[in-house]
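The values are calculated or read from the model by the stated rules, or taken from the named source; none is laboratory data. The shown structure was predicted, so the numbers you read here are calculated from the model rather than taken from an experiment. With ideal geometry, Cβ positions are generated from the backbone for all residues, glycine too; neighbour counts draw on all protein chains shown.
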Amino acid sequence: STIVLVFEAPVNFQFTILPGDRVQMGQGLGRV
Amino acid sequence: ERTSDRFEWKGILTRFVPVGICLIAVMQWRSYRKKSSERLANKWEIDCYCMLPLRTVSRWWGWLADKEIPEFLRPVVYGLYANTFGVKLSEALHEDLRSYPSLADFFARPLKSGIRQVDHESDLVSPCDGTVLHFGTVHTGEIEQVKGVTYSLEKFLGENTWNNNNNVKDYRTSLLHNAHTLYQCVIYLAPGDYHRFHSAANWKPTHRRHFHGELLSVSPRIAKWVPGLFCLNERAVYLGSWDHGFFSYTAVGATNVGTVKVYCDKTLHTNHPKKSDRCKDLCLGNGTYFKKGDPFGEFRMG
């Protein structure tokens with residue numbers, strides 16, 4: 001199973017993760 | 001001398017030739033594995049994969065997983081599952097394995113209160129436990145499911161009927177309200193992970209779109225092999241808005257995990273015995289609002 005998020009954000013939005021990272025529910029993924 | 005030479009050569013041949021053959025075989029096998037893992041599936045291979053009775057398998061699996069297991073057997077069955085897939089039992093709300101009537105209930109187990117902290121500093125948080133397959137900006141109508149393997153944004157979300165940007169020809173641009181960019185993030189849930197999912201942001205879903213589709217595996221190996229995987233599979237797409245404009249949240253089903261439950265949407269029925277090519281739309285209105293970390297739904301076996 002997979003969750004896919006597609007969203008609009010300002011150009012300065014930055015992800016704070018890396019591909020292959022293990023993440024937990026509630027962990028920050030990105031911020032403006 | 002000749003006899004001793006013959007014995008020496010015989011010893012060398014009998015010892016080193018088989019080792020050499022084995023080494024060559026291993027190298028060839030590794031090269032084949034590397035090539036096949038980098039190769040994308042052809043259309044005929046995808047067609048053949050889709051022809052497999054995966055929906056029937058999924059429904060049978062769901063039926064079996066829903067069966068109540070005798071109490072004395074539960075620790076054995078769930079313990080085996082937990083050891084095989086690395087389930088963190090200490091995080092489960094009920095650590096006593098006897099309290100889960102079926103494997104499906106164990107699979108969709110809740111977590112202890114407060115075991116996950118929601119990062120209030122981030123605008124976007126992880127909706128679930130899992131592995132980040134891919135993320136990044138979307139500059140064209142094609143999105144990457146993993147590096148270099150794409151799927152169509154329009155096929156994935158369906159026709160844009162939810163906003164008034166229909167006069168914009170480019171589908172991606174029609175989703176954007178301002179001079180913003182489109183982003184995406186894909187998170188894969190492994191069999192041992194916590195299988196409930198939560199809101200990833202403060203947002204308001206207004207539409208739901210349920211695409212009946214295939215129930216192919218969504219493991220990273222298959223995602224690297226089958227282009228357009230997420231457009232083929234059954235999925236529940238929730239569309240709406242957040243502080244920065246358009247926001248969509250999609251739960252994609254898989255062979256063993258074909259059922260998606262969404263708590264605010266009782267009309268969603270996934271993994272139907274009959275496959276349909278049509279998608280079912282539902283208007284959720286403007287009254288639904290989710291905060292970061294709010295429970296959203298769960299994946300269930302079968």
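Against the conditions (1) farther than 22 Å from B:Thr56 by Cβ; (2) of a type outside the set (S, T, N, Q); (3) modelled with pLDDT of 90 or more, B:Val252 satisfies every one except (1).
Scoring B:Gln145 on the criteria (1) part of a loop (DSSP other than H, G, I, E, B); (2) at pLDDT below 90 leaves a single failure, condition (1).
For segment B:74-109, a residue qualifies if it is within 14 Å of another protein chain (Cβ to nearest Cβ) and either under 21 Å from B:Ser58 (Cα atoms) or modelled with pLDDT of 95 or more (or both), and the qualifying residues are B:Phe85, B:Ala104, B:Phe107, B:Ala108, B:Arg109. Against the list (1) within 25 Å of B:Gly285 (Cβ to Cβ); (2) more than 11 Å from every other protein chain (Cβ to nearest Cβ); (3) of a type outside the set (Val, Ile, Thr), the condition B:Gly141 fails is (1). Select from segment B:134-193 the residues that are surrounded by 15 or more Cβ atoms within 10 Å (Cβ to Cβ), among the β-branched types (Val, Ile, Thr), touching a His at 6+ places or on another chain (Cβ under 9 Å) and more than 17 Å from B:Val226 (Cβ to Cβ) and list them in ascending order. Answer for segment B:134-193, where residues must be surrounded by 15 or more Cβ atoms within 10 Å (Cβ to Cβ), among the β-branched types (Val, Ile, Thr), touching a His at 6+ places or on another chain (Cβ under 9 Å) and more than 17 Å from B:Val226 (Cβ to Cβ): just B:Thr181.
Taking segment B:198-236 as the range and being among the aromatic types (Phe, Trp, Tyr) and within 12 Å of the chain's Cα centre (by Cα) as the test, only B:Phe230 passes. Once segment B:158-187 is narrowed to residues that are among the hydrophobic types (A, V, I, L, M, F, W, C) and more than 7 Å from chain A (Cβ to nearest Cβ), the residue that is nearest to B:Ser219 (Cα to Cα) is B:Trp162.
For segment B:84-130, a tally of residues being outside any helix (DSSP H, G or I), closer than 18 Å to B:Pro295 by Cβ and among the hydrophobic types (A, V, I, L, M, F, W, C) returns 9.
Within segment B:262-302, being free of Cβ contacts under 8 Å to residues at least 12 places away in the same chain and charged (D, E, K, R) holds for B:Lys266, B:Lys274.
If you go through segment B:225-261 and pick out every residue that is of a type in the set (A, V, I, L, M) and either without any contact (Cβ under 8 Å) to a residue 24 or more places away in the chain or within 7 Å of chain A (Cβ to nearest Cβ) (or both), you end up with 4.
Applying the condition of being β-branched (Val, Ile, Thr) and either in contact with a helix residue (DSSP H, G or I) (Cβ under 7 Å, 6 or more places away or on another chain) or surrounded by 13 or more Cβ atoms within 10 Å (Cβ to Cβ) (or both) to segment B:64-113 and asking which residue is nearest to B:His198 (Cα to Cα) yields B:Val87.
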